[in-house]
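> Here's a structure for you.
The values are calculated or read from the model by the stated rules, or taken from the named source; none is laboratory data. Not measured: the values here are computed from a predicted model. With ideal geometry, Cβ positions are generated from the backbone for all residues, glycine too; neighbour counts draw on all protein chains shown.
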Amino acid sequence: MKYLFLILLFGSTILFPVSLQSQNNPRFRIHDRIVTAKLREIKANLKLDQATYDQFYPLYLKYDKDLSDIDFRKPGRFLKVDADSLSTEDANQLIVNQLEIAKLLISIREKYYKEFKSVLSPQQIIKLYQTEAELRKKVIIELKKRIR
């Protein structure tokens, strides 16, 4: 549950739908810089040679886009709501929304696991997921610092 919370928090703060139609859009530039920084960190942590990286990064860009297309705002409310103040119907809908997002995340992970396996070893895929988790933690820490 803690891992899901981190995914939801990271998604609600960093991963947001991006309009790819205009590169002058400030959100596009920020997202592009974030992805570039993530790829740099992933390349270093997985110790990818250039040939492997050249095969990996287009897959990762598609994976990241699929994740960024998820609207994490609805299930993010799940952890902040006062459960006693909800009607049964509202509580049920909140749970269903949270479960749908979790299913979507799992389906994306399954899809890209198969694709990542064509380029990376299973050990490197584990390191990829670990690196992403570390980056999410760093982002959360940085956001908390900026809020204070």
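> Just checking, which of LEU86, LEU99, LEU94, LEU61 is aliphatic (A, V, I, L, M) and in contact (Cβ under 8 Å) with a residue 24 or more places away in the chain?
Working: LEU86 fails: in contact (Cβ under 8 Å) with a residue 24 or more places away in the chain; LEU99 fails: in contact (Cβ under 8 Å) with a residue 24 or more places away in the chain; LEU94 fails: in contact (Cβ under 8 Å) with a residue 24 or more places away in the chain.
Being aliphatic (A, V, I, L, M) and in contact (Cβ under 8 Å) with a residue 24 or more places away in the chain holds for just one of LEU86, LEU99, LEU94, LEU61, which is LEU61.
> Okay, moving on. Here's a check for you: in the range 59-73, which residue that is assigned to a helix (DSSP H, G or I), crowded, with 17+ Cβ neighbours inside 10 Å and not acidic (Asp, Glu) is modelled with the lowest pLDDT?
SER68
Yes or no, residue by residue, for (1) hydroxyl-bearing (Ser, Thr, Tyr); (2) closer than 25 Å to ILE34 by Cα; (3) more than 15 Å from the chain's Cα centre (by Cα):
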site: ASP54; (1), (2), (3): no, yes, yes
site: TYR60; (1), (2), (3): yes, yes, no
site: THR88; (1), (2), (3): yes, no, yes
site: VAL119; (1), (2), (3): no, yes, yes
site: GLN123; (1), (2), (3): no, yes, yes
site: VAL139; (1), (2), (3): no, yes, no
site: GLU142; (1), (2), (3): no, yes, yes
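> Follow-up question, since we're still on this one. For VAL81, which of the numbered conditions (1) surrounded by fewer than 17 Cβ atoms within 10 Å (Cβ to Cβ); (2) part of a helix (DSSP H, G or I) fails to hold?
(2)
> Here is a further query. Just one of LEU135, LEU128, LEU105, LEU120 is touching a residue at least 40 places away in the same chain (Cβ under 8 Å), out of contact with any His (no Cβ under 7 Å at 6 or more places or on another chain), buried (at least 17 other Cβ atoms within 10 Å of the Cβ) and not in a helix (DSSP H, G or I); which is it? Before the answer, list the steps.
Details: LEU135 fails: not in a helix (DSSP H, G or I); LEU128 fails: not in a helix (DSSP H, G or I); LEU105 fails: not in a helix (DSSP H, G or I).
The match here is LEU120.
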